[in-house]
Amino acid sequence: MTVWDRPEPPARPVPLDRERIVAAAVALADEGGLAEVSLRKVAARLNAGPMRLYGFLATKEELFDLMVDEVKAEILPGAEEPPGDWREALRGIAHRTRRTALRHPWLADLLGGRPALGPNGLAVTEATLAALDGLADADTVLRATETVSAYTTGAIRREIAGLRAERDTGLTDREWQRASGSHVTRLLATGRFPALARFVHEAAEVDAETSFTTGLEWVLDAVAARLGEQPG
């Protein structure tokens, strides 16, 4: 039985329900990351005894599942958004996933892995598959959505890791590059890294959103090419 199937216990003596528990856990994670989330700390924030939470949750992993599902509501397309083609639908899901992870950086640590079974997670999966449904056979659609998801997750994790490094060191990327510039210059001068030297000197520097968008469009191009190979 999943956490979503399990009935909730009576809300007494302190009014308590899964919605309040998850909201408190998300707030703790937003403030300090997943390391700050424990049943004890969540209970303290709710002025309840830690044992009370075990009536709603069996493990901390269940709490993480509920937290992920809570914020996945932010990835769903809004009712006011007009329907578009498959490419626009997948693009929208990817960009909303990135924006959600930037608001809740801990989400990057929990993306991927086993399928999300909560109502919002299932709704995101439904919207993703529905975008390509009917355009190819089931296996091709699954591989296509997995590919887009793998790119999205990897790019988000890399960006979040960079933001954490900036927070931990107190240096922006540009400041870090200046601080390490003499070391890199010496290494490139040895001639041992000619390809790296060319890209360091010639490649344009772009911001994280531009990098994410460019890579996503290339992945969508690849999906479009694969769909074009399907028999009509």
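None of the figures in this text is laboratory data; all of them are computed from the coordinates on show. These numbers were taken from a predicted model, which means no experiment stands behind them. Virtual Cβ from ideal backbone geometry, glycine too; neighbours counted across all protein chains shown.
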Pairing the Cα long axis of helix 173-189 with the longest principal axis of the chain, what angle in degrees results, from 0 to 90 and rounded to the nearest 10? 40
Measure of size requested: the Rg and Dmax of the range 86-228, with Cα atoms as the atom set and Å as the unit; please supply both. 18.7, 56
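Between TRP218 and GLU175, what is the FRET efficiency for a Förster distance of 35 Å, r being their Cβ-Cβ separation, to the nearest 0.05? Please report the intermediate quantities before stating the final value.
Details: r = 30 Å, r/R0 = 0.85.
Once the sixth-power term is evaluated, E becomes 0.75.
Please report, in debye to the nearest 20, how large the charge dipole of the range 153-232 is about its Cα centre when each Lys and Arg carries +1 at its beta carbon and each Asp and Glu carries -1 there. Working shown, then result.
On the way: 10 positive and 12 negative charges, 93 e Å.
The dipole magnitude comes to about 440 debye.
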The helix 119-132 Cα axis meets the longest alpha-carbon principal axis of the chain at an angle in degrees, between 0 and 90 and rounded to 10, of 40
Positive end of the dipole of the chain, charges at C-beta (+1 Lys, Arg; -1 Asp, Glu), about the Cα centre: which of TRP86, LEU111, ALA179 has its Cα farthest in that direction? ALA179
Shape category assigned to the range 85-129 from the gyration tensor of Cα positions, a/c cut at 1.5: oblate
Helix axis angle, 86-103 relative to the chain longest principal axis, alpha carbon, degrees: 70
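When the convex hull of the C-alpha atoms of the range 18-72 is computed, what volume per residue in Å³ does it have? Before the final figure, lay out each step's value.
Values: hull volume 3.5 nm³, N = 55.
It is 64 Å³ per residue.
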Let a ≥ b ≥ c be the square roots of the eigenvalues of the Cα gyration tensor of the range 132-193; is it rounded (a/c under 1.5), or, if not, prolate (a/b larger than b/c) or oblate? oblate
